[in-house]
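The values are calculated or read from the model by the stated rules, or taken from the named source; none is laboratory data. Keep in mind the model is a prediction, meaning the values are calculated, not measured. Cβ placement follows ideal geometry from the backbone for every residue including glycine, while neighbour counts extend to all protein chains displayed. Side chains included, ligands, DNA and RNA excluded: accessible areas come from the protein's heavy atoms. Shrake-Rupley method; radii C 1.70, N 1.55, O 1.52, S 1.80 Å.
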Amino acid sequence: MSAFRVVIAGRPNVGKSALFNRLLRQRRSLVHDLPGMTRDVLEVEAPLSDGRTYRLLDTGGFDPEGRDEIPAAVRDKAVQAIREADLILLVMDASAGILPGDRQAAKAARQAGVETLVVANKVDRREGSEGEPEAWALGFSEVFGVSAEHGIGMEELLDAIAARVPPEERDTGHGTRDTAQEEAPRVIALAVVGRPNVGKSSLVNALLGEERAIVSEVAGTTRDSTDVSLERGGRVFRLVDTAGIRRKAKTERGPEVLSVVQARKRIEACDVAVLVLDASEGPTAQDASVASYAHEEGKGIVIVANKWDLASEEGPEASKRFEAQVRDRLPFAAYAEMLRASARTGRGVRRVLTAAARAADNRRRRISTGELNRVLGRALRDSPPQTIRGMRLRVYYVAQTAISPPTFTLVCNREEELHFSESRRIENIIRRAADFTGSPIRVSVRGRSTGKGRARKSKAKSSKRAVK
């Protein structure tokens, strides 16, 4: 895990949490999002596009006027985080201009002697666009105009952060560069999800009872739930929101709807979703709904067919038929490993954490640009990918641009969305080249920028400034 600490600081209500979520590249339900409740410092590991990571910290609002116990405690925690930072992102509301809280936060950053980038947020508004130049008055050498809500200006800010994060050690071997084991998170967040009465609680209890090695109990987040950690084979797993998993659904208040809402909250906080199905009933539309949400969020997926001891039939043929039903109902999750288990008897339970660890590692797997182009180059030359409009693209090269989930970008003669069948074809080729079992894969297209195009863009910007 990276030791480089990037701290988001600033007065209340300038958009720090929105910036935090945008940099983290996922929606994160923060305990301190409610007005007046932003108290604790939240620290997570955030990704860069090249696979490196850094520690991202979100602090409470820096309120110099707060004299009550809670605002003072929030300010003290923010100051402590600022002093321990390697880089500070000082956020101000460009639409409101510089206020005393902004100046006090800037003073704390200067006193800490830590490099500081000013982030002028909310430039999507007219007032923000006009107020952005005022941010320079805070006295720092770099100002980035952004809209954390809409993602405007984030590429430049991410580039600035990436330029300051120290390089990680890499394997200098040839061929496929497999850094899944090197870069895998020390703790794997696991969400056990599924519709009511499929045996989620029983599976959780079987996992915990089998290990009998609960490392810690961590105070929960938005619903005062409890996350439980356990260790197996040197890997630490955190079962997300097990308090919520153990509660029985309130059948009189729409358990089908409630279970999906609860599952979504757990999925957003996890690395791998363990989708529990009832083997005695087969896959349902609600199972597909939960799985599709995990897929869309870019999480790893492991499918567990629970109650296999109660299935109407057993044996190889019954197993094949059941898997065919699952693949037919969940075609988008064909990459997920499917296990047969019985939480009641303990059959197959041991394999769940092994499969989850594999999915978590593969979700962070990276292969080199050279290997990608060797694998994909001829296939894309012989049969150029087709867009949704039926047009053929010329592919110049392919690169992996992100992990968690693995994302591959085709640099082409123009930027246009691929036909779904082409995305599937490219994904299948990539999966044959490296093990991505349990992890979704993203394929995108980017148009190649030319020097002439950049010159025109620069000239247009200059003309616009001249008109102003």
Placing +1 at every Lys and Arg Cβ and -1 at every Asp and Glu Cβ, with all other atoms neutral, what dipole size does segment 315-367 have around its Cα centre, in debye to the nearest 20? 220
Out of all DSSP beta bridges with both ends in segment 274-359, state the antiparallel percent to the nearest 5. 10
Given the Cα-Cα distance of L24 and R392 and 0.36 nm per residue of separation, how much length would full extension add, in nm? 129.1 nm
So how do 396-409, 379-392 stack up, highest first, on mean other-Cβ count within 10 Å? 396-409, 379-392
How much net charge surrounds V6 when only other residues with a Cβ under 9 Å from its Cβ are counted (Lys, Arg +1; Asp, Glu -1)? +2
What is the set of long-range amide H partners of L277 at a cut-off below 5 Å, with H atoms built 1.01 Å from backbone N? V304, A305, N306
Relative packing of 424-436, 293-305, which averages over residues the other C-beta atoms within 10 Å, highest first: 293-305, 424-436
When you count, for each residue, the other Cβ atoms within 10 Å and take the mean per peptide, how do 345-358, 118-131 rank with the highest first? 118-131, 345-358
What is the list of residues in segment 414-446 whose amide nitrogen lies under 18 Å from a point 7 angstrom out from the Cα of N373, following Cα to Cβ? 414, 430, 444-446
If you rank S342, S17 by how much accessible surface each has, with a 1.4 Å probe, what is the order from largest down? S17, S342
Give the relative contact order (percent, whole number) for segment 362-412; include only Cα pairs under 8 Å separated by 6+ residues. 39
